[in-house]
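Please read the structure below before turning to the comments.
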Amino acid sequence: GVTRLLLTRIPFFKEIIVSSFSCDSCSWSNTEIQSAGRIQEQGVRYTLAVTSRQDMNREVVKTDCASARIPELDFEIPAFSQKGVLTTIEGIIDRAVAGLEQDQPARRATDKEVARKIDEFIGKLKQLKEVNSPFTFILDDPSGNSFVENPHAPQRDEALVVTHYRRSPQQSAMLGLEGEEVDAKPPDAAEDLRDEVLQFNTNCPECNAPASTNMKLVQIPHFKEVIIMATNCDSCGHRTNEVKSGGAIEPRGTRITLRITDPSDMTRDILKSETCSVEIPELEFELGMGALGGKFTTLEGLLKDIRDLVEKNPFTLGDSSTPSRTGKLQEFIGKLQDVKGKTQAHFIMDDPAGNSYLQNVYAPEEDPELRVQRYERTFEQNEELGLNDMKTEGYETEAAKGR
């Protein structure tokens, strides 16, 4: 047979290798994908509640190192057991059924009881495709390069939960990454870092060429200290920046509401942390936490990043999109453009960690268009931030008693 390879770049998934095999003798064909880009900084887990036949048609990118689970059937496709594929939820189930049916004739001849149980399980998998009862589909990828389509983009999908997490040492070893431990700095070293720009080598997220990342501690007036990281690539000219909070999680969450009434509001400085969600009620738009990462920019810059996030997603405005969805998104982009001084709207930032900031141009006086609310976090928000199981006082004595 003949195998064809194509190296292509999808804006949302970076670079991938598409391989296609075809045999002229038996007409068998097969297609696979492999990630040609870099492994992401964090792993990703998609949890989808499948309730209708439309959910079975959601497009899925599943890499080699991703595992898929259906808890209701206690069914799992382990990592590295299948090649990467661009398919749908129904396609993943069909592929699993085909793999189980492959050796059934031999099993029926050697062990009828095992073959009967597998036949029963195959029947359950086929019934899932009819969606007679809802079930949960979980896609877990430590490399962070898998994806499950959100058909309601740019609005929030209530049925889909996206969780980014830090890889464990075992997962890093599985991906071939070495865990490098950074030596702790002495306590007084932070004073020296405020006046120094640190630089370390990395790879460009666009072209993967060697690049340098600059990091600096910055004190934001009337707020707190943050860490700004900026990457510049001399090969392709790509530039990006990211912000990390330099302080602890606040005792209470913060909800900031700005009423946009004038074009000058677009120049307000914004610090959006990784745990902050953004909402514009007039556009029925909501951006969940984790999207776009941490940003230190202006209000106009953040709206531009939101627009780029929608336009560069191939499932929204690319070849894979439907005409009805494309029309809605084009209308949304037009309304987003009108917000920049033409249309009055409310801009809401909700950060359970309390590490986000929106500039008060009247500081230290109160801003009539800006409202900052402090609220007590719910149990679910504390759980998402990892605070419910965190104990910072009295743990030394308990550990001594345990010995």
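Before moving on, here are some points about what is shown:
- Test: residue in the range 93-105 that is open to solvent by less than 80 Å² (accessible area, probe 1.4 Å), over 25 Å from ASN30 (Cβ atoms) and modelled with pLDDT of 85 or more: no
- When the range 224-276 is limited to residues that are part of a strand (DSSP E or B) and farther than 30 Å from GLN337 by Cβ, the one that is farthest from the chain's Cα centre (by Cα) turns out to be GLU225.
- One residue stands out among those in the range 106-160 that are acidic (Asp, Glu) and part of a strand (DSSP E or B): the one that is surrounded by the most Cβ atoms within 10 Å (Cβ to Cβ), which is ASP141.
- Residue check, PRO205 part of a loop (DSSP other than H, G, I, E, B) and open to solvent by less than 40 Å² (accessible area, probe 1.4 Å): yes
- Residue within the range 163-172 that is touching a helix residue (DSSP H, G or I) at 6+ places or on another chain (Cβ under 6 Å) and either in the same structural domain as ILE33 (by the TED database) or surrounded by fewer than 18 Cβ atoms within 10 Å (Cβ to Cβ) (or both) present: no
- For the condition crowded, with 16+ Cβ neighbours inside 10 Å, acidic (Asp, Glu) and not assigned by the TED database to the domain that holds CYS204, GLU279 qualifies.
- Only one entry of VAL50, VAL18, VAL44 meets the criterion of being surrounded by 13 or more Cβ atoms within 10 Å (Cβ to Cβ) and modelled with pLDDT under 85, and that entry is VAL18.
- Candidates are the residues of the range 84-125 that are small (Gly, Ala, Ser) and within 28 Å of the chain's Cα centre (by Cα); the one that is farthest from ILE33 (Cα to Cα) is ALA96.
- Every condition in (1) modelled with pLDDT under 85; (2) in a strand (DSSP E or B); (3) under 20 Å from GLN337 (Cα atoms) is met by GLU279 except one, and the failing one is (1).
- Of everything in the range 215-267 that is more than 20 Å from GLY293 (Cβ to Cβ) and charged (D, E, K, R), the residue that is most open to solvent (accessible area, probe 1.4 Å) is ASP234.
- Residue within the range 57-80 that is touching a Cys at 6+ places or on another chain (Cβ under 8 Å) and surrounded by 17 or more Cβ atoms within 10 Å (Cβ to Cβ) present: yes
The values are calculated or read from the model by the stated rules, or taken from the named source; none is laboratory data. Please read all numbers here as calculations on a predicted model, not as lab measurements. Cβ atoms come from the backbone with ideal geometry, glycine included; neighbour counts cover every protein chain shown. Heads up: the accessible areas ignore ligands, DNA and RNA and are worked out on the full protein's heavy atoms, side chains in. Shrake-Rupley method; radii C 1.70, N 1.55, O 1.52, S 1.80 Å.
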